[in-house]
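Student: One structure, as structure tokens, below. Some questions next.
The values are calculated or read from the model by the stated rules, or taken from the named source; none is laboratory data. As the structure is a prediction and not an experimental result, all values here were calculated from the model. Cβ: placed from backbone, ideal geometry, glycine included. Neighbour counts: every protein chain shown. Note: areas computed on protein heavy atoms with side chains; ligands, DNA, RNA excluded. Shrake-Rupley method; radii C 1.70, N 1.55, O 1.52, S 1.80 Å.
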Amino acid sequence: MDIESLVEKFKQKNEKAFETLYNMYSDSMHGVIYNIVRDHDIAQEVMQDVFIKAWHKSDTYSNKKGRFFTWILNIARNAAIDKTRSKNFKKSKQNLDVDFFVDIIETSESLDDSTDAIGIKKFVTKLAEKCKKVIELLYFKGYTQSEASETLNMPIGTIKTRNRNCIKELRQMVLE
């Protein structure tokens, strides 16, 4: 069955068409929503809400304005953004359990094997000491430039310049 007739049946509230479209697009919708909310359970919940909303508002879809996939994708994107703006979502992200951070805290002390997923450590160790410190803080420990500035007791402009120069040097090493 072609997509246009499937969408027409969907607009006529045909449950089989709903199920078929859900199976066709649910993975894509989940991916788009997950990229915004960064939580699989919430993404699943929002995705189901999106399909229900599309079901109830199917009469607003027009193939003259665009593809069905684009229409439902926009609904998904907007629903995910709305979710991230909700008070409950913001509150849930503020109150993360300390256990969530245990592994991060334990492995952020130095340039260790857990941060060497792409083998960059051997190149970083060849950099000058001033570069190692900046790279370690910004990229391996996740510091902001302001935090690195405070930690290293340097002006933020120096951190930014050093970061740019050190990354340039690192890029040249890797590409050689």
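Student: With +1 on the Cβ of every Lys and Arg and -1 on the Cβ of every Asp and Glu, and nothing else charged, how large is the dipole of segment 129-176 about its Cα centre, in debye rounded to the nearest 20?
Tutor: 120 debye
Student: Also, quick follow-up: Run the numbers for Gln145 and Lys57: contour at 0.36 nm per residue of separation, minus the present Cα-Cα distance, in nm.
Tutor: Net length gain for the segment: 27.1 nm.
Student: Around Met154, under 12 Å between beta carbons, what's the net of Lys plus Arg minus Asp minus Glu among the other residues?
Tutor: Local charge sum for Met154: +2.
Student: Which one of Ser5, Ser26, Val46 has its Cα pushed farthest toward the positive end of the charge dipole of segment 3-46, where Lys and Arg give +1 and Asp and Glu give -1 at the Cβ?
Tutor: Ser5
Student: How far is it, in nm, from the label point at Phe89 to the one at Leu175 when both lie 7 Å from their Cα along the line to the Cβ?
Tutor: Rounded to a tenth, the inter-label distance reads 3.8 nm.
Student: Follow-up. Rolling a 1.4 angstrom probe over the protein heavy atoms, how many square angstrom per residue are accessible across segment 130-176?
Tutor: I get 65 Å² per residue for segment 130-176.
Student: Provide, in order from the shortest bin, the percent of all Cα-Cα pairs of segment 1-50 in each 5 Å bin, continuing until the bin that contains the maximum pair distance.
Tutor: Distribution as computed: 5, 22, 25, 17, 14, 12, 5 percent.
Student: Sticking with this one: Among residues other than Trp71 whose Cβ falls under 10 Å from its Cβ, what is the net charge (Lys/Arg +1, Asp/Glu -1)?
Tutor: Charge balance near Trp71 sits at +3.
Student: Right, next: Pairs to check: Lys16/Lys83; Lys126/Lys160; Lys9/Lys83. Give those whose C-alpha atoms are more than 25 Å from each other in this structure. Show your work: numbers first, answer last.
Tutor: Working: Lys16/Lys83 29 Å; Lys126/Lys160 20 Å; Lys9/Lys83 29 Å.
Violating the 25 Å limit, Cα to Cα: Lys16/Lys83; Lys9/Lys83.
Student: No solvent, one uniform scatterer per C-alpha: report log10 I(q)/I(0) for segment 1-96 via the Debye equation at q = 0.10 1/Å, two decimals.
Tutor: -0.28
Student: Related question: Under 18 Å from a point placed 7 Å out from the Cα of Lys126 along the Cα-to-Cβ direction: which residues of segment 154-169 have their backbone N that close?
Tutor: Backbone N within reach: 165-169.
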